[in-house]
Structure formats: structure tokens, C-alpha cells
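**Q** Questions regarding the structure given below will be posed in turn.
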Amino acid sequence: MMKRYFVTTMALLSLLAISASAHSLWVETRDIADAGEPLTVYSFFGHTTSATGIYVPLMDAHYLIAPDGNRQDLTMKTGDWLPGFGWIGYSNAEVTPGVNGDYVFAAVRSPGVYDPAWHGSPSDPRLSASFAKAIIHVGDEKTGGWNAGFPLEITTEVAPYEIGAADNITFVAMYEDEPVNATYSAYYWTWDAHSGADVQTGVAGDDGEFTVNFSQGGLWLVSTSYTIPGAGEWTATYESGDHYKVGDVVPYDSSSYTSTLSVWVR
């Protein structure tokens, strides 16, 4: 019981710290298509409301999971301009779903250490890992599941491509296939994820459940974050401003996982 309370407290503190400044990883694509139809999938990192801060970070993987569970690793191209955003850095690839069923487009960012002290909050260095996914429904066959193979998953019994405006949808946060009381946030893409008055935030129950009210149609991002205490060291694989360079051994006090599901609401 004490461990559960400790992890919950860590989750609340993590929510407050992450809300202040952290960038987000998310993906976008058409969510309904026909078999054999080429589609473009997109991967973004930054803030949806601030085009000047969107760039391509070091990524571990982009892949597509077919209805039968087979994984296709994707070679992404980089772009520098998109309607609605203007001059930004982003990744994209063309995919062609071959059979009917539900596909999962997934993105995994390379982990790195982040310390809230860099932005004026109390020091709490954490090893952060980010994951993002979107579901593509091909044809008229619903296969369900919709897991991407992430350590932290957002699951639901409702097909994301069937969610409509005003729907209240229950999700479950799962870490290593077990429900966890992760923090969560849900917001429309034009809202400020960190200070918008309409952003829905909270902590999932012990059963991992949390509910989102999709108040309007369009792109929504549903995110969960889960922090596990435990000190360690990470050897930097990329440079982070004045904080560390490639090859530096960077200490951390906890590991933080963030997973984001993109939903196009009807």
C-alpha cells in the first residue's frame, strides 16, 4: 500500500513538472482507408500550438503493425513545411495497407534525461522515454487490440476511429501489461496542452481507468505518463543544449514513460 501511495505521489509531482515545459511526441495520419490505398504518416515533436518549436528529434523507431501483428519498420523522410504549421521540422513516410483490418502506426523517441530545474522548478532528473501511436482502419473489418508494443500503453474497448463529438470514452493506462495509476491529459490540438483551461488532466485509478470527454470534432491527443523511482546513469546519445553532449554519463533519479494516442473525433 505504501508503494502505491509513493508512486501516486510521484505521478502527481511528475504531472506538475511535465506540464510546465516538456515537448510532446505525436503522430498523425488518415484514420480510415481502403486496402491498397497509399497513405502518408507523420511524426511530430514539440507543441501543437507553437510551430516554431516543432523539430525532428533523435528517434529509435517508426513502424506499422498490420492486423496479423506483423511489424513493418519504416524509413522516414524529413520535411520542412506543412499547411497549418508553416516552416517546421517533421518526419513522414508513405505506407500502403495491403489487407483489411486495423493498423497501428507507432513512433518511439530515443530516451534522454530531463531535469525540471532547467526551467526553474526543483531538480528531479529523470530518464524520459516517449511513444506515440495512431490507428488506421482499413476496409470494414475491425480487428481491435490496437497495442503498439510500448511499455506504457493506452487501451480502450472503443475503436478510436468511431469516437464522436460529445462522447465520454474510458481508457486504461497499462505498464508492462498491468494497469497503473498513471497521470493523463487529453486536449484538442489547438489548445495549449500545459495551460489551456479546457485541457483534461488527472490521475488514473488503481485499475488504470480514466475518462475523456471529447467535446468537439477534430484531432485530439490523449497522453499518459508514468514515473518509476530508481536512480541510474544514462550515456547521452545526442546533445541537449548546455546540459549534456554525446558520450556524457548523465545521472537520473527516476524513469518516466509517456505514451500518446492521436484520435480524429467525428
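**Q** When you scan the range 239-246, do you find a residue that is assigned to a strand (DSSP E or B) and not polar (S, T, N, Q), even just one?
**A** Checked the range 239-246: at least one residue is assigned to a strand (DSSP E or B) and not polar (S, T, N, Q).
**Q** Go through 107, 117 for me and flag whichever is in contact with a Ser or Thr (Cβ under 8 Å, 6 or more places away or on another chain), surrounded by fewer than 17 Cβ atoms within 10 Å (Cβ to Cβ) and under 24 Å from residue 236 (Cα atoms).
**A** Testing whether each residue is in contact with a Ser or Thr (Cβ under 8 Å, 6 or more places away or on another chain), surrounded by fewer than 17 Cβ atoms within 10 Å (Cβ to Cβ) and under 24 Å from residue 236 (Cα atoms) leaves just 117.
**Q** Follow-up question, since we're still on this one. Considering 224, 201, which residue is touching a residue at least 60 places away in the same chain (Cβ under 8 Å), crowded, with 21+ Cβ neighbours inside 10 Å and assigned to a strand (DSSP E or B)?
**A** When all the criteria are applied, what remains is 224.
**Q** Given the conditions (1) buried (at least 17 other Cβ atoms within 10 Å of the Cβ); (2) in contact with a Lys or Arg (Cβ under 7 Å, 6 or more places away or on another chain); (3) farther than 18 Å from residue 73 by Cβ, report the number of the one that residue 127 does not fulfil.
**A** Of (1) buried (at least 17 other Cβ atoms within 10 Å of the Cβ); (2) in contact with a Lys or Arg (Cβ under 7 Å, 6 or more places away or on another chain); (3) farther than 18 Å from residue 73 by Cβ, only one is false for residue 127: (2).
**Q** Which residue, of 188, 184, is under 20 Å from the mean Cα position of the chain (by Cα) and closer than 19 Å to residue 116 by Cα?
**A** Checking each option against the conditions leaves just 184.
**Q** Is it the case that some residue within the range 186-193 is part of a strand (DSSP E or B) and over 20 Å from residue 54 (Cα atoms)?
**A** No; the residues of the range 186-193 include none that is part of a strand (DSSP E or B) and over 20 Å from residue 54 (Cα atoms).
**Q** Okay, next question. Can you find, within the range 108-121, the residue that is farthest from residue 60 (Cα to Cα) among those that are modelled with pLDDT of 95 or more and either of a type in the set (Gly, Ala, Ser) or over 22 Å from the mean Cα position of the chain (by Cα) (or both)?
**A** The selected residue is 112.
The values are calculated or read from the model by the stated rules, or taken from the named source; none is laboratory data. These numbers were taken from a predicted model, which means no experiment stands behind them. Positions of Cβ are generated from backbone atoms using ideal geometry, with glycine treated the same way; all protein chains shown enter the neighbour counts.
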